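> My questions all concern the structure below.
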Amino acid sequence: MQPETGNGVSRVGTHDRAEDPLFETLARVERDLNDLIGGLALLGVKRCSQCRRFFRCADPGALFESDQIIVCYDCVPDWWSSLSMRIGVDERERIEGKLASWLRKYHRAEVVKVTPGNVPDTTNAKFQIAAKCLECSGSGKLMEGERCRFCNGLGTVRIVVPK
C-alpha cells in the first residue's frame, strides 16, 4: 500500500526539493565550491575551460584567453580544431590572430612561409595553424600592389609550434 496525502493522492515518486535534506546538502556544497573557485580567482588562479585544471595567472603562457574562453596550452590543439569549424570567418580570423601572437610570444612558434606548389616540412611540429597574414591583412598584396613578401602573396601564413 502506498502512503497517501490527506486528500487521497499518492506521494510515492514525488520530491519537494525544499524539504529534501540531500538536495539542501548538494546545493550547499555547490555554493561552497563556487565560492572556493571565486576565491582562487582573487588569488590569481584561473581554470581551463576544457580540462578544468587550475593555472596561475602569473604564467601568461599557461592559458590562452579570448573573449570569455580560457584554454590551457595543452588543450589548445583540440579546442582550436573543434572551435574553428563552428564559428564564422570573421570571428575565426580574429581569434586565430590572437592565438598566433600568443603562440609566437610564449611557445616558440614560428611563421613558416608557404610557397605555391611547395609543402613545408612540419614533421617536427607539435601544433600548427594557418592564419591570415597580418602584414597585408590577408590580401596578399602590400601597398602599391606588390606581392606581400611575408605570405608570398597567398594572404595566409602557417604558424608552427615545434615539439
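The values are calculated or read from the model by the stated rules, or taken from the named source; none is laboratory data. Since the structure is predicted, the reported quantities are computational estimates derived from the model, not experimental observations. Reconstructed Cβ throughout: ideal geometry from the backbone, glycine too, with neighbour counts over all protein chains shown. For the accessible areas, the whole protein counts, side chains as well, though only heavy atoms, and no ligand, DNA or RNA atoms are used. Shrake-Rupley method; radii C 1.70, N 1.55, O 1.52, S 1.80 Å.
> As a check on your grasp of the helix formula, calculate [θ] at 222 nm for the chain: sum -39500 (n - 2.57) over DSSP H runs of n ≥ 4, divide by the residue count, round to the nearest 500.
Only helices count here, giving -10500 deg cm²/dmol.
> Using the heavy atoms of the protein chains and a 1.4 angstrom probe, tell me the accessible area per residue for the stretch 59-135 in square angstrom.
It amounts to 59 Å² per residue over the stretch 59-135.
> How much solvent-accessible surface does PHE23 expose, in Å² to the nearest 10, with a 1.4 Å probe and all protein chains in place?
Only protein atoms counted, so the area is about 90 Å².
> Right, something else. When only Cα pairs under 8 Å and 6 or more residues apart are kept, what is the percent relative contact order across the chain?
15 percent
> Okay, moving on. Tell me the accessible surface of THR115 in square angstrom (1.4 angstrom probe, heavy atoms of protein chains only), to the nearest ten.
Roughly 60 Å² of THR115 is accessible to a 1.4 Å probe.
> Placing unit charges on C-beta atoms (Lys and Arg positive, Asp and Glu negative, everything else neutral), compute the dipole magnitude of the stretch 50-141 about its Cα centre in debye, rounded to 20.
Dipole about the Cα centre, nearest 20: 120 debye.
> Here's a follow-up. For GLU135, list long-range residues whose amide hydrogen, built 1.01 Å from N in the peptide plane, is under 5 Å from its own amide hydrogen.
Placed amide hydrogens put nothing under 5 Å from GLU135.
> Please list the non-local residues whose amide H lies under 5 Å from the amide H of VAL114, H modeled 1.01 Å from N, same-chain partners needing a gap of 5 or more.
Long-range HN contacts for VAL114: ARG158.
> Now a separate question. Helix by helix, which DSSP H runs in the chain go 20 Å or more along their axis at the Cα atoms and have an average Kyte-Doolittle hydropathy of -1.0 or more?
Length and hydropathy pass: 21-42.
> So, with a 1.4 angstrom probe, what is the percent of accessible area on the chain that is carbon and sulfur?
That fraction is 52 percent.
> Stretch ARG94-GLU135 to full length: gain in nm at 0.36 nm per residue minus the Cα-Cα span?
Answer, rounded to one decimal: 13.3 nm.
> How high is the FRET efficiency from ASP20 to ARG56, r the C-beta distance, R0 30 Å, rounded to 0.05?
So, using R0 = 30 Å, E works out to roughly 0.15.
> Follow-up. What shape does the stretch 48-100 take by its C-alpha gyration tensor, where a ≥ b ≥ c are the square roots of the eigenvalues and a/c under 1.5 counts as rounded, a/b above b/c as prolate, and the rest as oblate?
Prolate, because a/c is 1.5 or more and a/b exceeds b/c.
> When the label point is put 7 Å from the Cα of LYS105 along its Cα-to-beta-carbon vector, which residues of the stretch 36-70 have a backbone N closer than 20 Å?
Residues 44-49, 55-70 qualify, since their backbone N sits under 20 Å from the label point.
> Something else now. So what's the projected area for the chain, the Cα convex hull averaged over all directions, in nm²?
That works out to 17.0 nm².
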